[in-house]
Amino acid sequence: MDKVEQILSEFRLNKEDLKEIMERMQHEMDRGLRIETHEEASVKMLPTYVCSTPEGSEVGDFLALDLGGTNFRVMLVIVGEDEERSWKVETKNQMYSIPEDAMTGTAEMLFDYIAECMSDFLDKHHIKHKKLPLGFTFSFPVRHEDIDKGILINWTKGFKASGAEGNNIVGLLRDAIKRRGDFEMDVVAMVNDTVATMISCYYEDRSCEVGMIVGTGCNACYMEEMRTVELVEGEEGRMCVNTEWGAFGDNGELEEFRLEYDRVVDETSINPGHQLYEKVISGKYMGELVRLVLMKLVNEDLLFNGEASEQLKTRGSFETRFVSQVESDTGDRKQIYNILSSLGVLPSELDCDIVRLVCESVSTRSAHMCGAGLAGVINRMRERRCQEALKITVGVDGSVYKLHPCFRDKFHKIVRDLTPHCEITFIQSEEGSGRGAALISAVACKMAACMLTQ
Ligand code: BGC
């Protein structure tokens, strides 16, 4: 057990480490915002053209698309308004899984598949004849020129469709819809999932000026002062910045904190050298990190009598949901035993306890790393706003945050520890990606209408 603990102690980050990570994150954020350093900064700080001066919104039916995790989702949302605020009701919602070949083939194949799903959805709900305004939640790094125009910088999270990077994503979607020719759509806004989450929570709580996702991927956005967003002209008000902090570390900023397991996960991934912060935190990689640690313990003869099953030796076999399930075990080890036997090993009680410790080590490090990043964002906001105390709400979504039994509490605690003089409320968004996209489309429609009538 001493030997095991020694190996796992490498995962522990103390407060000094976390402060250091937070400060490096802030440094990269500053570099991402400035024109001279933007190109080389790992944290890109992408302007989203979602601004703090709402013009009110249109009301009516909107279609929302959500692409960015393992599933693709189409939603019909009704946006309405009362005296105080806009509200939204999601009426219909369908999930489509994305076949591997659409993810890794050509962009044309991927967008044809998306258009096919949309067509199916419109048929099912008998709304094919309507030309609805559409909000697209596209959860990858996009360099926007406007709210409805932006090029994909690079894919993340296992997507690889060729011919998309460097191209206008809304253009690719419009072309695919045109190719089908069986329905029309008015694409009015494209947003990142962090932005959609922030917007959907903003309608519940006007202090919500930060959005964060900890799911398959990991990222955050927040409302930044326009004068510091050098990539966009204008000084007044605030604009939402998509930090794309998942790429933090890609310039070596995390080197002394990354372990041998992180290096293997990175080297065997589809995008080696990229998204290194995300690879320490998010659900796409957490299970595999645990598996690699388990293999290390087996090889050191500290687990399963020094023997692993073929399954456990196979990359990807320890799914991230198992990490949550292992840590949810009530103490009788039944759940842990079942998971391990489904992977072909017959564990002793001690084996079960060790596996649990491994899961805890990996997920706690994830929560702490992620907390250091968010604390960096929030402290920066307070400094920029020159406020003695900052009261802020963070809208959060993502499977790791929502489904892991302890991630949330450990994460909240670290963020609060690292942000003195800040009063932070966390709210969980429900279907934020789709609802947020519909809401921002409603605002975008209104703004377009204003521009026309002026
Ligand atoms: C993407 C971000 C996204 C995050 C969460 C990352 O891989 O680069 O754009 O917000 O995943 O989905």
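Taking the conditions exactly as written (within 24 Å of Ile336 (Cβ to Cβ) and away from the ligand (no atom under 12 Å from the Cβ)), does Glu288 satisfy them or not? Explain how you work it out, then say what you get.
Details: within 24 Å of Ile336 (Cβ to Cβ): yes; away from the ligand (no atom under 12 Å from the Cβ): yes.
In short, yes.
Number of residues in the range 163-216 that are open to solvent by less than 30 Å² (accessible area, probe 1.4 Å), within 16 Å of the ligand (Cβ to nearest atom) and either in a strand (DSSP E or B) or over 20 Å from Gly135 (Cβ atoms) (or both): the value is 8. Among the residues of the range 381-406, the one identified as of a type in the set (S, T, N, Q), more than 15 Å from the ligand (Cβ to nearest atom) and within 22 Å of Glu204 (Cβ to Cβ) is Thr393. Among residues belonging to the range 126-158 that are β-branched (Val, Ile, Thr) and over 23 Å from Glu431 (Cα atoms), point out the one that is nearest to the ligand (Cβ to nearest atom). Taking the candidates together, the pick is Ile153.
Hey, which of the helices (runs of 4 or more DSSP H) in the range 1-107, taking only ones fully inside, have at least 2 residues that are out of contact with any Pro (no Cβ under 7 Å at 6 or more places or on another chain) and of a type in the set (Asp, Glu)? Full working, then the answer.
Working: elements: 2-8, 15-33, 35-38, 100-104.
So the answer is 2-8, 15-33, 100-104.
Restricting attention to the range 238-260, the residues that are open to solvent by 10 Å² or more (accessible area, probe 1.4 Å), outside any loop (DSSP other than H, G, I, E, B) and either of a type in the set (A, V, I, L, M) or within 11 Å of the ligand (Cβ to nearest atom) (or both) total 1. One residue stands out in the range 261-279 among those that are in a loop (DSSP other than H, G, I, E, B) and either farther than 29 Å from Glu209 by Cα or of a type in the set (Asp, Glu) (or both): the one that is nearest to the ligand (Cβ to nearest atom), namely Asn271.
Would you confirm, using the coordinates I've provided, whether Ala220 is aliphatic (A, V, I, L, M), open to solvent by less than 10 Å² (accessible area, probe 1.4 Å), assigned to a strand (DSSP E or B) and within 12 Å of the ligand (Cβ to nearest atom)? Judged against the criteria, Ala220 is a match.
Condition check for Tyr401 on (1) among the hydroxyl-bearing types (Ser, Thr, Tyr); (2) touching a Phe, Trp or Tyr at 6+ places or on another chain (Cβ under 7 Å); (3) modelled with pLDDT under 95: one failure, at (3).
With the structure loaded, tell me whether Asp101 is more than 16 Å from the ligand (Cβ to nearest atom), over 27 Å from Thr243 (Cβ atoms) and modelled with pLDDT under 90 or whether it fails that test.
Working: more than 16 Å from the ligand (Cβ to nearest atom): yes; over 27 Å from Thr243 (Cβ atoms): yes; modelled with pLDDT under 90: yes.
Here the answer is yes, as Asp101 does meet what is asked.
From the list Met75, Met25, the lone residue that is within 19 Å of the chain's Cα centre (by Cα), hydrophobic (A, V, I, L, M, F, W, C) and at pLDDT 85 or above is Met25.
What do you reckon, is Arg34 open to solvent by 40 Å² or more (accessible area, probe 1.4 Å), closer than 22 Å to Gln275 by Cα, in contact (Cβ under 8 Å) with a residue 12 or more places away in the chain and touching a Lys or Arg at 6+ places or on another chain (Cβ under 9 Å)?
Values: open to solvent by 40 Å² or more (accessible area, probe 1.4 Å): yes; closer than 22 Å to Gln275 by Cα: yes; in contact (Cβ under 8 Å) with a residue 12 or more places away in the chain: yes; touching a Lys or Arg at 6+ places or on another chain (Cβ under 9 Å): no.
So Arg34 does not fit the description; no.
Looking at Gly316, Gly306, Gly344, Gly283 in this structure, which one is modelled with pLDDT of 95 or more and either among the β-branched types (Val, Ile, Thr) or at negative phi (or both)? Spell out the reasoning first.
Values: Gly316 fails: either among the β-branched types (Val, Ile, Thr) or at negative phi (or both); Gly306 fails: either among the β-branched types (Val, Ile, Thr) or at negative phi (or both); Gly344 fails: either among the β-branched types (Val, Ile, Thr) or at negative phi (or both).
Just a single option satisfies the conditions, and that option is Gly283.
Per the conditions (1) modelled with pLDDT of 95 or more; (2) over 20 Å from the mean Cα position of the chain (by Cα); (3) of a type in the set (Ser, Thr, Tyr); (4) surrounded by 20 or more Cβ atoms within 10 Å (Cβ to Cβ), the sole criterion not satisfied by Thr48 is (2).
Among the residues of the range 317-335, write down those that are among the β-branched types (Val, Ile, Thr) and closer than 18 Å to Met295 by Cα.
Taking the range 317-335 and keeping what is among the β-branched types (Val, Ile, Thr), we get 320, 323, 326, 330.
If the condition is that a residue be among the β-branched types (Val, Ile, Thr) and closer than 18 Å to Met295 by Cα, then Thr320, Val323, Val326 are the ones that fit.
Are any residues in the range 93-119 loosely packed, with under 14 Cβ neighbours inside 10 Å and among the charged types (D, E, K, R), and if so, which ones? Outline the logic, then answer.
As a first pass, look at the range 93-119 and keep what is loosely packed, with under 14 Cβ neighbours inside 10 Å: 95, 97, 99-101.
Glu100, Asp101 - these are the residues of the range 93-119 that are loosely packed, with under 14 Cβ neighbours inside 10 Å and among the charged types (D, E, K, R).
Looking at this structure, is Gly283 away from the ligand (no atom under 16 Å from the Cβ), of a type in the set (Gly, Ala, Ser) and open to solvent by 10 Å² or more (accessible area, probe 1.4 Å)? Before the answer, list the steps.
Details: away from the ligand (no atom under 16 Å from the Cβ): no; of a type in the set (Gly, Ala, Ser): yes; open to solvent by 10 Å² or more (accessible area, probe 1.4 Å): yes.
Taking the combined requirement at face value, the residue does not satisfy it.
Looking across the range 1-31, just one residue is of a type in the set (A, V, I, L, M, F, W, C) and open to solvent by 40 Å² or more (accessible area, probe 1.4 Å), and that is Met1.
The values are calculated or read from the model by the stated rules, or taken from the named source; none is laboratory data. Keep in mind it's a predicted model, so treat the numbers as computed, not measured. Positions of Cβ are generated from backbone atoms using ideal geometry, with glycine treated the same way; all protein chains shown enter the neighbour counts. Please note that ligands, DNA and RNA were not included when accessible areas were found on the heavy atoms of the full protein model with its side chains. Shrake-Rupley method; radii C 1.70, N 1.55, O 1.52, S 1.80 Å.
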